[in-house]
Amino acid sequence: QVQLVESGGGLVQAGGSLRLSCAASGSIFSIDNMGWYRQAPGKQRELVARITSGDNTVYADSVKGRFSISRDNAKNTVWLQMNVLKPEDTAVYYCQVVARQSLIATLEVYWGKGTLVTVSS
């Protein structure tokens, strides 16, 4: 199995910064995409940012220029640097990893349990 452990959430004032991290462990042969999603109360889960194994990145329009995603393949870790935070960024942030557990295994999607980010105005 693959386990994801997220950290870095918390309470911050508008305009502040937070850095989320997500470490994958367990039976991992290789990791494809790594990403962050978020879900605000009463809303659907949405993509925040995603990074491929080749370091290509995709960002939601709402966070472009403020958030930055990066990864360390040797550590199976992905980070989300969040700057100029706004109250509308308040949500539970989930790490997602697409990985395979062996050379012949199919790619599977794994989710972290989520970390709460609260931005006060």
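Here Tyr37 does not fit the description of being assigned to a strand (DSSP E or B) and within 15 Å of Val119 (Cβ to Cβ).
If you go through the stretch 83-120 and keep only what is hydroxyl-bearing (Ser, Thr, Tyr), more than 15 Å from Leu20 (Cβ to Cβ) and at pLDDT 95 or above, you end up with Tyr110, Ser120.
Name the one entry in Ser70, Ser62 that is among the polar types (S, T, N, Q) and under 12 Å from the mean Cα position of the chain (by Cα).
Ser70
All of (1) open to solvent by less than 40 Å² (accessible area, probe 1.4 Å); (2) over 18 Å from Leu11 (Cβ atoms); (3) of a type in the set (Lys, Arg) hold for Arg45 with one exception: (1).
Residues checked against (1) of a type outside the set (D, E, K, R); (2) open to solvent by 20 Å² or more (accessible area, probe 1.4 Å); (3) free of Cβ contacts under 8 Å to residues at least 40 places away in the same chain:
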site: Gly10; (1), (2), (3): yes, yes, no
site: Ser21; (1), (2), (3): yes, yes, no
site: Trp36; (1), (2), (3): yes, no, no
site: Arg71; (1), (2), (3): no, yes, yes
site: Thr77; (1), (2), (3): yes, no, no
site: Val97; (1), (2), (3): yes, no, no
site: Ser102; (1), (2), (3): yes, yes, no
site: Leu107; (1), (2), (3): yes, yes, no
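The values are calculated or read from the model by the stated rules, or taken from the named source; none is laboratory data. The shown structure was predicted, so the numbers you read here are calculated from the model rather than taken from an experiment. In this analysis, Cβ positions are derived from the backbone assuming ideal geometry, glycine residues included, and neighbour counts consider all displayed protein chains. Note: areas computed on protein heavy atoms with side chains; ligands, DNA, RNA excluded. Shrake-Rupley method; radii C 1.70, N 1.55, O 1.52, S 1.80 Å.
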